[in-house]
1. Do we have THR215 as surrounded by fewer than 24 Cβ atoms within 10 Å (Cβ to Cβ), assigned to a helix (DSSP H, G or I) and out of contact with any Cys (no Cβ under 9 Å at 6 or more places or on another chain) here?
2. Identify, from the list ALA72, ALA88, ALA68, the residue that is more than 14 Å from ligand 2 (Cβ to nearest atom), on the phi < 0 side of the Ramachandran plot and touching a Gly at 6+ places or on another chain (Cβ under 9 Å).
3. Can you name every residue in segment 104-125 that is out of contact with any helix residue (DSSP H, G or I) (no Cβ under 8 Å at 6 or more places or on another chain) and of a type in the set (Val, Ile, Thr)?
4. Here are ALA130, ALA140, ALA125: which of them is assigned to a loop (DSSP other than H, G, I, E, B) and either crowded, with 23+ Cβ neighbours inside 10 Å or on the phi > 0 side of the Ramachandran plot (or both)?
5. Applying the selection to segment 91-109, what residues are among the charged types (D, E, K, R) and away from ligand 2 (no atom under 12 Å from the Cβ)?
6. May I ask you to list pairs of residues, at least six apart or on different chains, whose Cβ atoms are under 7 Å apart, with the first in segment 117-139 being modelled with pLDDT under 95 and the second being surrounded by fewer than 21 Cβ atoms within 10 Å (Cβ to Cβ) and not in a loop (DSSP other than H, G, I, E, B)?
7. Output yes when any residue across segment 171-178 is within 16 Å of the chain's Cα centre (by Cα), touching a residue at least 24 places away in the same chain (Cβ under 8 Å) and more than 13 Å from VAL133 (Cα to Cα), and no when none is.
8. Checking the structure you have, find out if any residue of segment 35-49 is within 16 Å of ligand 1 (Cβ to nearest atom) and in a helix (DSSP H, G or I).
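The values are calculated or read from the model by the stated rules, or taken from the named source; none is laboratory data. All of these numbers come straight from a predicted model, not from anything done at the bench. Glycine also receives a Cβ, built like all others from the backbone with ideal geometry; neighbour counts cover every protein chain displayed.
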Amino acid sequence: MQEKVRSSGFDAPVHLITAGRPDGWASVIERVRAALEGGVRVVQYRHKTAPVRQMMEELATLVKMCRASDTALIVNDRLDVALAAGAAGVHLGWNDLPWTWARQHAPVPFVLGCTAASPERVAEAIAAGADYVGAGPAYATTTKKDTGPRLAGRDYAALALACRRRASSPLPLVAVGGIGPGRAAGPVEAGADAVAVSSAILDAADPARVAHDLTQEVVRARLARTATGPEPR
Ligand code: TZP
Ligand code: MG
């Protein structure tokens with residue numbers, strides 16, 4: 001069966017979100033490299049506490065790695081850093097730069113990802129010209145401290161419905177938070193298109209294997225939804 005995925009040009013099944021590690025940045029890089037080998041094609045650089053100079057140094061390596069593997073590198077929170085580093089996009093929450101402002105200053109094809117855990121916020125993301133929305137947490141997570149309540153399957157279904165209101169094509173919906181092998185299919189069968197994962201990949205003994213298995217799980221869940229759902233995407 002031919003898989004039908006929302007056509008936005010931003011339809012990678014698994015996003016990897018970076019996080020600091022006790023064994024240092026070199027270890028993060030090594031694990032990102034393995035995840036790329038495992039099939040990850042979107043990397044979100046997230047480093048909440050680093051000074052900008054350090055972010056730029058870390059991004060320099062990631063930009064090279066991601067370009068070499070045809071992977072989109074997105075920077076969390078900081079449009080200025082994303083543009084300066086030559087990244088492919090930025091990911092912004094509601095309390096970051098206003099989304100419309102970011103879109104205005106970083107026109108397409110620069111990727112704008114927005115956190116939107118309610119249909120109203122999805123509508124704001126669509127109005128701003130977002131390329132995808134992230135929503136979570138799907139499960140308990142310790143990677144992000146200030147999350148809202150966990151989203152259930154029905155929440156992802158409602159968000160997916162809101163995503164379909166974009167005139168051009170449905171806005172891709174990325175589930176995030178506590179996702180690892182065996183936990184990706186639920187949110188995707190409910191309506192998400194992809195998953196964004198940090199600890200399950202970065203802390204794994206074999207990050208490439210986990211990235212590969214998660215990719216397979218998401219692709220299968222998309223297919224299951226296409227086979228059974230009332231509205232194929
Ligand atoms: N946004 C919502 S939950 C989360 C982010 C960035 C953390 C995801 O990390 P993990 O380790 O996959 O739960
Ligand atoms: Mg933010």
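1. Details: surrounded by fewer than 24 Cβ atoms within 10 Å (Cβ to Cβ): yes; assigned to a helix (DSSP H, G or I): yes; out of contact with any Cys (no Cβ under 9 Å at 6 or more places or on another chain): yes.
Judged against the criteria, THR215 is a match.
2. Working: ALA88 fails: touching a Gly at 6+ places or on another chain (Cβ under 9 Å); ALA68 fails: touching a Gly at 6+ places or on another chain (Cβ under 9 Å).
None of the others qualify; the one that does is ALA72.
3. Across segment 104-125, the qualifying residues are VAL108, VAL111.
4. Numbers: ALA140 fails: either crowded, with 23+ Cβ neighbours inside 10 Å or on the phi > 0 side of the Ramachandran plot (or both); ALA125 fails: assigned to a loop (DSSP other than H, G, I, E, B).
Just a single option satisfies the conditions, and that option is ALA130.
5. Taking segment 91-109 and keeping what is among the charged types (D, E, K, R), we get 96, 103.
The one that is among the charged types (D, E, K, R) and away from ligand 2 (no atom under 12 Å from the Cβ): ARG103.
6. Short answer, once both residue conditions are applied: none.
7. Within segment 171-178 (the criterion being within 16 Å of the chain's Cα centre (by Cα), touching a residue at least 24 places away in the same chain (Cβ under 8 Å) and more than 13 Å from VAL133 (Cα to Cα)), the answer is yes, since at least one residue qualifies.
8. First, the residues of segment 35-49 that are within 16 Å of ligand 1 (Cβ to nearest atom): 35, 38, 40, 42-49.
Now drop any that are not in a helix (DSSP H, G or I), which leaves 35.
Yes, because at least one residue in segment 35-49 is within 16 Å of ligand 1 (Cβ to nearest atom) and in a helix (DSSP H, G or I).
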